[in-house]
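Accompanying notes for the structure given below.
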Amino acid sequence: MTASSKLSKIKTFNQFLSTADYSLMNSLKADPKATCDGQDHSPREVFSGHYVPVTPTAIPKPQYITHSKTLFKELGLSHELALDEEFSRLFTGDISVAKAPMPPTGWATGYALSIYGTEYTQQCPFGTGNGYGDGRAISIFEGIFNGRRWEMQLKGGGPTPYCRGADGRAVLRSSVREFLAQEYMYALGVPTSRSLTLYVSRSETVRRPWYEEGSRSIDPDILVNTPAAVTTRVAPSFLRVGQLELFARRARSNSHSGAQNELKMIVKHLIQRNYEQDIDTSLEFKDQVVDLAHLFRGRLTSLISNWMRIGYCQGNFNSDNCAAGGFTLDYGPFGFCEMFDPRFQPWTGGGNHFSFFNQPAAAEANYQMFWSAIRPLLIDDKEALIKLDTIRTDFAKVMRQEIEAMWAKKLGLTSYDENLVNELLKLMILSKVDYTIFFRKLSNIPENIIPLKGSFYLPSSEQVDIQWNAWLKNWRNLLTNQSNFYEASSAMKLTNPQYTWREWLVVPAYKKAEEGDYRLIKELQTILTNPYEEQSSGLEAKYNRLMPNKFFNTGGVSHYSCSS
């Protein structure tokens, strides 16, 4: 059988269901107070167990918008399946179509929250932390496709016990953004959760705070009715640092007799789901935990350097938004830096501590919570604790090495030059360069500043040009000593994308979608799934240009709340 025929074998809904294999529900503990039928949609405290069985709430009159052709191919799904009635019903929240071996309920998980290493319970309606978790994200399927295990989760699938009084819905705006962003990040080569499908309700709307057209307000200034939508995100698992943190808190306080064992179970499950290829499970558990700490540190530091490479800012990088598998998760208050600013932060609730260049520090704070969560599992083994603590202590050093390697790669260099990079960053700020356009133009290795001026938001003075030309001369001299220009240019173009996410070009797509016109979404999908490739002159002129002045400081474009 050829690879292509193997990848096209899942053509029917029943064939899709035959891939079902539920490791989470089969190996972890359900909340003992959960209902048997999954009708568990009101806020309540969950004191123990790893998950709550819950049924999603289907959106009425669902309409297909798009699906990920890349992921469908990877999973071996026929593209026609996205329009199959039962498939569409399942991925818009109607789990009544479930047939064996698929169970009749989905599941939601609880987790803790910490911000920069400080534990919080205020966001929990009960003030205890026992009501904080997946409020509108419901996992509905887990299966093995072409030898790999994937979990599928509805975003906007209705309320769960963790909904904190909300309606469990997601608006079309945020659903379009999450679907496209996951497609884009994967195409960039950045570890991420994946997009499967995107559907919208033709009859249900939800009311959310948002921005009036052209608003200069920081916070939303109007209430808008927006169609409800459901996007399905996919990952090997959705385990978060905040989940480990929750079980560690319970173990430390001995909140119930099985708390320590529940912590051990969730860590074992993390290893199985996200590190199976890298950790030898025949080792003693203490050695597996030490390996886990080392591997997660490597994945997390690499992830952050990739975020900074492509201008991504995770505006709310708390421990509950940090995937324990080391990939990008939760595309809510995110953005991509256009005009370069180390303090770039699109989310109005994030503050400077989650800004573009502060992401390494936020990652270290999340790693601190990860380390403190798994540490109780080694408390009786002094040697293992020393190893674990050393891995934690070295986080900043490893992070710095990753960042330095990233800057060298963006500049086509084989080694990092601190003075060169620092001078470059100063000039980028001085000229207010477009982060993506600048580095793509730089990838052509120009001899002087003239070809780069098309990336400047601020007209360049003669004095600034002199500084730029001096920097270019120093950089080109380094390149000459390390590699030939052709090889360096080719490598840089595989590191510095041609296209970036530009919020002002995404806004028209979701606004048109509210009117039932999905053409811009599909056009963006084409661009964002081929970010390193040059497109037609028409698409190039439309999607590879500086942000117009009218969009600076505009609510819903340059900045936005988390109203989704």
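The values are calculated or read from the model by the stated rules, or taken from the named source; none is laboratory data. Note that the structure is a prediction, hence the values are computed from the model and not measured. Here the Cβ positions follow ideal geometry from the backbone for every residue, glycine too, while neighbour counts run over all protein chains shown.
Structure values in brief
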| read-out | value |
| --- | --- |
| Selected residue (only one of Ala137, Ala82 is of a type in the set (A, V, I, L, M) and under 20 Å from the mean Cα position of the chain (by Cα)) | Ala137 |
| Members of the stretch 484-506 found to be assigned to a helix (DSSP H, G or I) and surrounded by 19 or more Cβ atoms within 10 Å (Cβ to Cβ), listed by number | Ala488, Met492, Glu503, Leu505, Val506 |
| Glu212 vs. criteria among the charged types (D, E, K, R) and assigned by TED's automatic domain parsing to the domain that holds Tyr120 | yes |
| Qualifying residue in the stretch 531-548 (condition: closer than 26 Å to Arg194 by Cβ, surrounded by 15 or more Cβ atoms within 10 Å (Cβ to Cβ) and in contact with a strand residue (DSSP E or B) (Cβ under 7 Å, 6 or more places away or on another chain)) | no |
| Filter result (in contact (Cβ under 8 Å) with a residue 24 or more places away in the chain and closer than 17 Å to Arg476 by Cα) within the stretch 379-424 | Lys409, Lys410, Leu411, Gly412, Leu413, Thr414, Ser415, Asp417, Leu420, Glu423, Leu424 |
| Residue in the stretch 344-366 that is part of a loop (DSSP other than H, G, I, E, B) and under 17 Å from Met406 (Cβ atoms) present | yes |
| Matching option when the condition is buried (at least 22 other Cβ atoms within 10 Å of the Cβ), aliphatic (A, V, I, L, M) and more than 29 Å from Leu303 (Cβ to Cβ), among Val176, Val200 | Val200 |
| Residue satisfying condition, being charged (D, E, K, R) and within 24 Å of Ser174 (Cα to Cα), within set Glu540, Glu515 | Glu515 |
| Test: residue in the stretch 80-95 that is free of Cβ contacts under 8 Å to residues at least 40 places away in the same chain, of a type outside the set (Lys, Arg) and touching a strand residue (DSSP E or B) at 6+ places or on another chain (Cβ under 8 Å) | yes |
| Criterion (touching a residue at least 60 places away in the same chain (Cβ under 8 Å) and buried (at least 18 other Cβ atoms within 10 Å of the Cβ)) met by exactly one of Pro342, Pro346, Pro360, Pro376 | Pro346 |
| Selected residue (criterion: surrounded by the most Cβ atoms within 10 Å (Cβ to Cβ)) from residues of the stretch 238-255 that are assigned to a helix (DSSP H, G or I) and among the basic types (Lys, Arg) | Arg250 |
| Filter result for Gly335 (closer than 28 Å to Arg136 by Cβ, at pLDDT below 95 and either surrounded by fewer than 23 Cβ atoms within 10 Å (Cβ to Cβ) or out of contact with any Lys or Arg (no Cβ under 9 Å at 6 or more places or on another chain) (or both)) | no |
| Scan of the stretch 386-418 for residues that are part of a loop (DSSP other than H, G, I, E, B) and under 21 Å from Leu442 (Cβ atoms), ordered by number | Leu411, Gly412, Leu413, Thr414, Ser415, Tyr416, Asp417 |
| Residue in the stretch 198-207 that is within 17 Å of Lys73 (Cα to Cα) and in a strand (DSSP E or B) present | yes |
| Within the stretch 21-62, tally of residues that are surrounded by 15 or more Cβ atoms within 10 Å (Cβ to Cβ), among the hydroxyl-bearing types (Ser, Thr, Tyr) and out of contact with any strand residue (DSSP E or B) (no Cβ under 8 Å at 6 or more places or on another chain) | 2 |
| Number of positions in the stretch 276-299 that are outside any helix (DSSP H, G or I) and either more than 23 Å from Gln401 (Cα to Cα) or touching an Asp or Glu at 6+ places or on another chain (Cβ under 7 Å) (or both) | 8 |
| Qualifying residue in the stretch 279-290 (condition: at pLDDT 95 or above and in contact with a Lys or Arg (Cβ under 6 Å, 6 or more places away or on another chain)) | yes |
| Criterion (of a type in the set (Ser, Thr, Tyr) and over 30 Å from Ser255 (Cβ atoms)) met by exactly one of Thr105, Thr109, Thr19 | Thr19 |
| Qualifying residue in the stretch 65-78 (condition: at pLDDT 95 or above, in contact with an Asp or Glu (Cβ under 8 Å, 6 or more places away or on another chain) and over 20 Å from Ala98 (Cβ atoms)) | yes |
| Qualifying position, being out of contact with any Phe, Trp or Tyr (no Cβ under 9 Å at 6 or more places or on another chain), surrounded by 17 or more Cβ atoms within 10 Å (Cβ to Cβ) and within 18 Å of Val234 (Cα to Cα), among Ile95, Ile65 | Ile95 |
| Given (1) surrounded by 12 or more Cβ atoms within 10 Å (Cβ to Cβ); (2) polar (S, T, N, Q); (3) at pLDDT below 95, index of the condition Asn481 fails | (1) |
| Pair list, Cβ under 9 Å, 6 or more apart: the stretch 482-494 residue farther than 9 Å from Asn444 by Cα, other residue surrounded by fewer than 12 Cβ atoms within 10 Å (Cβ to Cβ) and at pLDDT 90 or above | Gln482/Ser415 |
| Residue tally, condition in a helix (DSSP H, G or I) and either surrounded by fewer than 18 Cβ atoms within 10 Å (Cβ to Cβ) or without any contact (Cβ under 8 Å) to a residue 12 or more places away in the chain (or both), over the stretch 439-466 | 9 |
| Cβ pairs under 6 Å, 6+ apart, first in the stretch 280-292 and without any contact (Cβ under 8 Å) to a residue 40 or more places away in the chain, second in a helix (DSSP H, G or I) | Gln288/Ile271 |
| Scope the stretch 38-79; condition over 23 Å from the mean Cα position of the chain (by Cα) and among the charged types (D, E, K, R); matching residues | Asp40, Arg44, Glu45, Lys61 |
| Residue, nearest to Ser490 (Cα to Cα), within the stretch 507-564, restricted to residues that are among the β-branched types (Val, Ile, Thr) and assigned to a helix (DSSP H, G or I) | Ile527 |
| Scope the stretch 35-54; condition in a loop (DSSP other than H, G, I, E, B) and without any contact (Cβ under 8 Å) to a residue 60 or more places away in the chain; matching residues | Thr35, Cys36, Gln39 |
